[in-house]
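Asks: For reference, the structure I am asking about is given below.
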Amino acid sequence: MRILFCNIAWMKSYKGANPDDVPVNGGSHVKKTKTANEEFNFLPLEDENGDYFCYGSVETKSTNGKNPNELHIEKIQGCKNLEKEESVDDVLVVFCARPDRGNEKSNTNVVGWYWHATVYRNYQYITLCTETEEFEQAFNITTRKENAVLLPGGLRMRRTLWWAPRANEQGYGIGNANVWFPVNLKSDEAKNYITKIVKQIEEYDGENWIDKYE
């Protein structure tokens, strides 16, 4: 299975930053501006055909302080021959974030996922309109609305159920980069985690906050 884990800022609804839903734990830029590129990750938008899609983002950082690095889609399972391709389809993208627990050090938890997603090497852009402005929004992952699941806030906080691994804590998982490609896993612990979390995602039939606005 093609799987990509993405580390993003923590929010309630991911439908745009507002006084009641400010992104946190997303790095210095998020802390300073109270905004994040991933703040719209679970905002369904209608296209010209009347279909709804989610346009997600994961920060790829940069090496020169200006241009963001590309997302190396060839590192996704089964995609090593796609070094010259601009996108790959049918990926399970798992979004993870550190919950806002005040000053308490928090673990990283799964907040939601995209099934059958298209992942782009470089940022794409879509026009978003609010009541006061129109602007270009960058994204590098997209899927149809019916393939997107945003876990309810309280459920995400359940450490034993929806936790996500960190390389500096478990020895595998999300490291310094905001993406983790779970391929060539060496430890049984890592393999068991992937088997477990994929099974949970496949079997999840609970509440979906994709239509929840706060």
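Asks: How many of the residues making up the range 1-35 are in a loop (DSSP other than H, G, I, E, B), small (Gly, Ala, Ser) and more than 15 Å from PRO99 (Cα to Cα)?
Replies: Count: 2.
Asks: Ok, one more. Go through the range 125-141 and count every residue that is of a type in the set (A, V, I, L, M, F, W, C) and either assigned to a loop (DSSP other than H, G, I, E, B) or modelled with pLDDT under 90 (or both).
Replies: Summing the residues that are of a type in the set (A, V, I, L, M, F, W, C) and either assigned to a loop (DSSP other than H, G, I, E, B) or modelled with pLDDT under 90 (or both) in the range 125-141 gives 3.
Asks: Name the residues in the range 53-94 that are at pLDDT below 95 and small (Gly, Ala, Ser), would you?
Replies: Listed by number, the residues that qualify are SER62, GLY65, GLY78.
Asks: Same structure again: Can you name the residue in the range 21-35 that is modelled with pLDDT of 90 or more and within 18 Å of ASN176 (Cα to Cα) and, of all such residues, is surrounded by the most Cβ atoms within 10 Å (Cβ to Cβ)?
Replies: If we take residues in the range 21-35 being modelled with pLDDT of 90 or more and within 18 Å of ASN176 (Cα to Cα), then ASN25 is surrounded by the most Cβ atoms within 10 Å (Cβ to Cβ).
Asks: Looking at (1) in a loop (DSSP other than H, G, I, E, B); (2) more than 15 Å from the chain's Cα centre (by Cα); (3) not hydrophobic (A, V, I, L, M, F, W, C), which one does GLU74 not meet, given that it meets all the others?
Replies: (1)
Asks: Kindly establish whether VAL58 is among the β-branched types (Val, Ile, Thr) and closer than 21 Å to GLU86 by Cβ.
Replies: So VAL58 passes the test.
Asks: Sticking with this structure for a sec: Cβ-Cβ distance below 6 Å, separation of 6 or more or different chains: which pairs start in the range 113-128 with a residue that is within 26 Å of ILE201 (Cβ to Cβ) and surrounded by 15 or more Cβ atoms within 10 Å (Cβ to Cβ) and end on one that is of a type in the set (D, E, K, R) and modelled with pLDDT under 95?
Replies: Taking only residues 6 or more apart or on different chains, the pairs are ARG121/GLU70.
Asks: Only residues that are part of a helix (DSSP H, G or I) and in contact with a Cys (Cβ under 9 Å, 6 or more places away or on another chain): list them for the range 36-49, please.
Replies: GLU38, PHE40
Asks: Among what's in the range 157-214 and is part of a helix (DSSP H, G or I) and of a type in the set (Val, Ile, Thr), pick the residue that is surrounded by the most Cβ atoms within 10 Å (Cβ to Cβ).
Replies: ILE197
The values are calculated or read from the model by the stated rules, or taken from the named source; none is laboratory data. Computed from a predicted model, the values in this text were never measured in an experiment. Every residue, glycine as well, gets a Cβ built from its backbone with ideal geometry; the counts of neighbours run over all protein chains shown.
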